[in-house]
Amino acid sequence: MSSVPQVTLNNGVQMPQLGFGVWQVPDDQAEVAVGQALAAGYRSIDTAAIYGNEEGTGRALASSGLPREELFVTTKLWNTDHGHDKALAAFDLSLSKLGLDYVDLYLIHWPAPAHDNYVESWKALEKILADGRARAVGVSNFKPDHLRRLLDETDIVPALNQIELHPNFQQAESRAFHAEHGIVTEAWSPLGSGKGLLDDPELARIAAKHGRTPAQVVLRWHLQLDNVVIPKSVTPSRITENFDVFDFSLDAEDLAAIGALDTPNRVGADPDEANWI
Ligand SMILES: NC(=O)c1ccc[n+]([C@@H]2O[C@H](COP(=O)([O-])OP(=O)(O)OC[C@H]3O[C@@H](n4cnc5c(N)ncnc54)[C@H](OP(=O)(O)O)[C@@H]3O)[C@@H](O)[C@H]2O)c1
């Protein structure tokens, strides 16, 4: 079985560079899919309170029989739970649903800037970290301006920022900001979330050149950019396919051709406009 490279977060914690995402997977199906992913070799699982599948994810982790220290579990604070005390209570509920006594990574899911309380939420995450109930804390969907505010007004630099990132939305500005501040970039919807990216003829050409699939080429591109990547699939053959990306490399011509696929178009929401509370 291939071994997944680890990235080192800013507090020294190590995280697998490839993990498994479970957005839009109902709770009972999440139990099955996470079980299949763990059997295929994934050790990092990305869920969130709003996904409604922390319990199914937790059941799969428990029944895998894998030692807790070999697993890397991420969950996220939903927008309606922003604020210091609400965030602490929401974290307790997530832990209990997962059946864990700590998570490896806890993220603020969206900054929801119109509500202007992500700084208070972040202070709760700092406490959760200090109490040893998360091994690392980070954010998701934060633009550089939101991150700058945390850097200015709080003590702990986020370990990671999980953002929409794929060949059609490459996020050069955020990636450069993260690199400058020692924040790991994690790509959500890394395969474009089933919205046509994988039908791109350039990706088909590069895939044929390497005897791989377009999905494998896209995941390889993320890995070579040093992104952490969390593809989702409920299809067993794809769960395996997406893990089989450690024995080939893209060359400079491939990377340039994928670089040219960048557009200003997101498949998900713009964080400045996502203020659903
Ligand atoms: N922080 C955030 O705000 C945020 C937002 C979105 C996503 N995320 C995280 O990122 C994870 C991944 O993003 P995502 O779920 O939007 O999309 P994704 O991983 O980019 O793509 C998933 C889609 O691609 C299909 N697929 C997977 N592997 C494939 C392959 N090898 N060949 C062809 N099609 C393939 C899946 O179909 P099947 O499942 O039918 O196989 C599904 O339709 C989520 O699960 C979640 O953990 C976070």
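Only the coordinates and a few stated rules stand behind these numbers; no lab work does. Only a predicted model underlies this, so the values are computations on that prediction, with no experimental measurement involved. A quick note on method: Cβ atoms are made from the backbone with ideal geometry, for glycine too, and the neighbour counts reach across all protein chains shown.
Quick look at the numbers
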item	result
DSSP beta bridge pairing in the chain, given as percent antiparallel to the nearest 5	15 percent
Mean separation of Cα contacts under 8 Å (6+ apart) over length of the range 1-145, as relative contact order %	20 percent
Kirkwood Rh and Cα Rg combined as Rg over Rh, evaluated for the range 1-79	0.96
Quarter of Cα convex hull surface for the range 41-97, i.e. mean projection, nm²	4.0 nm²
Value of D in µm² per second that Stokes-Einstein yields for the range 115-190, Kirkwood Rh from Cα pairs, at 4 °C (1.567 mPa s)	100 µm²/s
R266 versus D28: modelled label distance in nm, points set 7 Å from Cα along the beta carbon direction	3.4 nm
Within-12-Å neighbourhood charge of V4 [Cβ basis; K, R +1; D, E -1]	-1
Binned Cα-Cα distances of the range 192-277, short to long, each 10 Å bin given as a whole percent	15, 47, 29, 9, 1
The chain: most fluctuating residue of Q24, Q170, Q216 per GNM, C-alpha cutoff 10 Å	Q24
Cα point-scatterer Debye curve for the chain, base-10 log of I(q)/I(0) at q = 0.07, 0.15 Å⁻¹	-0.23, -1.12
Kirkwood Rh, Cα atoms: Rg over Rh of the range 230-270	1.08
Point-charge dipole on Cβ atoms (K/R +1, D/E -1) for the range 157-216, about Cα centre, debye to 20	260 debye
Gained length - A39 relative to A89, 0.36 nm times residue gap less alpha-carbon distance	14.7 nm
FRET efficiency, E173 to S96 (Cβ-Cβ, R0 30 Å, nearest 0.05)	0.20
Cα-based Rg and Dmax for the range 24-181, where Dmax is the largest Cα-Cα distance (Å)	15.7, 43
Cα centre as origin, Lys/Arg/Asp/Glu Cβ charges: the range 1-124 dipole, Debye	220 debye
